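Chemist: Before I ask anything, here is the structure I am working with.
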Amino acid sequence: MSKRGGNPKAVRDSRFPPSIFVVYLVAIFLMVGIHTGLLVGMIKRDWPQTIQVAIPILYWTALAAGLTLYTRSRIRANYEEPMHRLAEAAKKVAEGDFSVYIPPTNTSDKLDYLDVMLEDFNKMVGELGSIETLKTDFFSNVSHEIKTPLAAIQNNAELLRREELTEKQEGYVEAIYWSSKRLSGLITNLLKLNKLEKQTILPEIKTYDLCAQLAECALLHEQAWEQNGLEFDADMEDRIMITADPALMELVWNNLLSNAIKFTEPGGNITLTESSDENEIRVSVRDTGLGMTEETKKHIFEKFYQGDISHATAGNGLGLALALRILQLNNFQIEVFSKPGKGSIFTVIIPKSKKEESKSDE
Ligand SMILES: Nc1ncnc2c1ncn2[C@@H]1O[C@H](COP(=O)(O)OP(=O)(O)O)[C@@H](O)[C@H]1O
Ligand SMILES: [Mg+2]
């Protein structure tokens, strides 16, 4: 019934054509013939009865095993193997990889319904990929266009702040200044995330001391936790070397720390710990803040998701999406543990001996 573009041939609608059943029929007839021949021969020669029983049993056991194995191999080659390939490809697409392509199992003159399905799948993934490219390109073009006028607004607001103004005017200028600053942060994050989403490798990888970096990031937030009346503790080793992109990892730590500060009420505690064993390094940011419900936890790594509306003005929901993407590119992991009202623990797990070369293309 269905026709492929340019190919007027109807596609086969079964992977197990009638010919295969003819093969089965002929084979079984043959076996029955041999069985009868065997019996007649044994009776003629007057073989003992036990042998006359044993030989047909052995004969049929061997045949049954042979047929079963043959059927199984046909099912596997014709059905399971292409299905497994499809399942694997679908999983990759679900994870955002639109470069997958499944070759058809037959040549184009012998297409069957499964080949057609694989072809349609390839077409669908191609379409999705081009929409994704269009979307990211659009995002980055618009973001770049917004950046220049926004910088002008911000600079001029900054200049105005230094002027002698009435209280009312000062209020207006402050609003313009902080709004433009926030927008500029959003644009910067969007561009960064866009770039990271397109990237598959990190070009700026270095081996550096993680503890020094963590200490620096913590210090950067000193003012923030003091202003918020929070207690801060750190427990780290003296020195531990990791191989990663330091500028991007700094973003991860800053995002985790700023979230901990943002979602913890005055009087709360924030703890930064780093520990390692022979396999991995674990960095945890723990807070005694608001915590999250299971439902919120499911979505926190999505772009623009903000679980807690009351803090929405101080952020844009991109922080954890960025952090996750950076960790994925480095092949690091993140675990979240949280209870509403009790607090949250975000743990980054860095494997110690990274041998990704062998599995980078798997
Ligand atoms: N330490 C934390 N405690 C409670 N909730 C958190 C914490 N960190 C993240 N979240 C939740 O995850 C959401 C997404 O975080 P993020 O991507 O950093 O965006 P933003 O900080 O801009 O809201 C937050 O809106 C909040 O609901
Ligand atoms: Mg954040």
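The values are calculated or read from the model by the stated rules, or taken from the named source; none is laboratory data. Keep in mind that what you see is a predicted model, and the values were worked out from it rather than measured. Note that each Cβ is placed from the backbone with ideal geometry, even for glycine, and that neighbours are counted across all protein chains shown. Surface accessibility is based on the protein's heavy atoms, side chains included, excluding ligands, DNA and RNA. Shrake-Rupley method; radii C 1.70, N 1.55, O 1.52, S 1.80 Å.
Chemist: Could you give the length gained by full extension between Asn155 and Ile51, i.e. 0.36 nm per residue of separation minus their alpha carbon distance, to one decimal place?
Modeler: Gain on stretching Asn155 to Ile51: 27.2 nm.
Chemist: Find, among the GluC sites (Glu not before Pro) in region 173-206, those assigned to loop by DSSP (not H, G, I, E, B) with at most 10 other beta-carbon atoms within 10 angstrom.
Modeler: Glu204
Chemist: Evaluate E = 1/(1 + (r/R0)^6) for Phe304 and Asn122, where r is the Cβ-Cβ distance and R0 equals 22 Å; express this FRET efficiency to the nearest 0.05.
Modeler: After rounding to 0.05, the efficiency reads 0.10.
Chemist: Please give the residues of region 104-136, grouped as numeric ranges, whose backbone N is less than 16 Å from a label point set 7 Å along the Cα-to-Cβ vector of Ala10.
Modeler: The answer is 110-114.
Chemist: Rounded to the nearest percent, how much of the accessible area of the chain (1.4 Å probe, protein heavy atoms only) is carbon and sulfur?
Modeler: Exposed carbon and sulfur together represent 59 percent of the surface.
Chemist: In addition: Need one number: nm distance between label points at Glu265 and Asp137, each 7 Å from Cα along Cα→Cβ, rounded to one decimal.
Modeler: 5.1
Chemist: Let me know the longest stretch in the chain that avoids all trypsin sites (Lys or Arg not before Pro) found in a DSSP loop with at most 14 other C-beta atoms within 10 Å.
Modeler: The reported range is 46-161.
Chemist: Given points 7 Å out from each Cα along the Cα-Cβ axis, report the Ser99 to Ser130 separation in nanometres with one decimal.
Modeler: 1.9
Chemist: Given a 1.4 angstrom probe, what's the average accessible area per residue across the chain, in square angstrom?
Modeler: Counting only protein heavy atoms, the per-residue value for the chain is 63 Å².
Chemist: Report the calculated FRET efficiency for Lys192 and Asp109 (r = Cβ-Cβ distance, R0 = 51 Å), to the nearest 0.05.
Modeler: The value I calculate is 0.55.
Chemist: Let me ask something additional. Assuming R0 = 22 Å, can you tell me the calculated FRET efficiency for the pair Glu231 and Lys342, based on Cβ-Cβ distance, to the nearest 0.05?
Modeler: That pair, Glu231 with Lys342, gives E of 0.85.
Chemist: Right, next: Relative contact order, percent, of region 66-129 when contacts are C-alpha pairs under 8 Å separated by at least 6 residues?
Modeler: 29
Chemist: With springs only between Cα atoms under 10 Å, which of Leu67, Leu257, Leu327 fluctuates most in a Gaussian network model of the chain?
Modeler: Leu67
Chemist: Another question, if that's okay. Can you list the aspartates and glutamates whose alpha carbon is less than 12 Å from that of Lys342, not counting same-chain residues fewer than 8 positions off?
Modeler: By straight Cα distance, Lys342 reaches Glu265, Asp287.
Chemist: Follow-up. Rounded to the nearest 20 debye, what is the charge dipole size of region 204-362 about its Cα centre when +1 sits on each Lys and Arg Cβ and -1 on each Asp and Glu Cβ?
Modeler: Computed about the Cα centre, the dipole is about 460 debye.
Chemist: Give the shape of region 258-340 as rounded, prolate or oblate, defined through the alpha-carbon gyration tensor: a ≥ b ≥ c are the square roots of its eigenvalues, a/c under 1.5 means rounded, and otherwise the shape is prolate if a/b is larger than b/c and oblate if not.
Modeler: Note, shape of region 258-340 comes out oblate.
Chemist: Check every DSSP H run in the chain and write down those whose alpha carbon atoms cover 18 angstrom or more along the long axis and whose mean Kyte-Doolittle hydropathy is -1.0 or greater.
Modeler: 18-44, 49-75, 81-94, 113-161, 167-198, 246-262
Chemist: Something else about it: For the cross-link pairs Lys192/Lys303; Lys147/Lys262; Lys206/Lys298; Lys135/Lys195, which exceed 21 Å when the distance is taken from alpha carbon to alpha carbon?
Modeler: Pairs exceeding 21 Å: Lys147/Lys262; Lys206/Lys298.
Chemist: Using the Cα centre of the chain as origin and beta-carbon charges of +1 (Lys, Arg) and -1 (Asp, Glu), tell me which of Pro56, Ser180, Val93 is placed farthest towards the positive end of the dipole.
Modeler: Of Pro56, Ser180, Val93, it is Pro56.
Chemist: How far apart, in nm, are the 7 Å Cα→Cβ label points at Tyr208 and Phe29?
Modeler: 7.9
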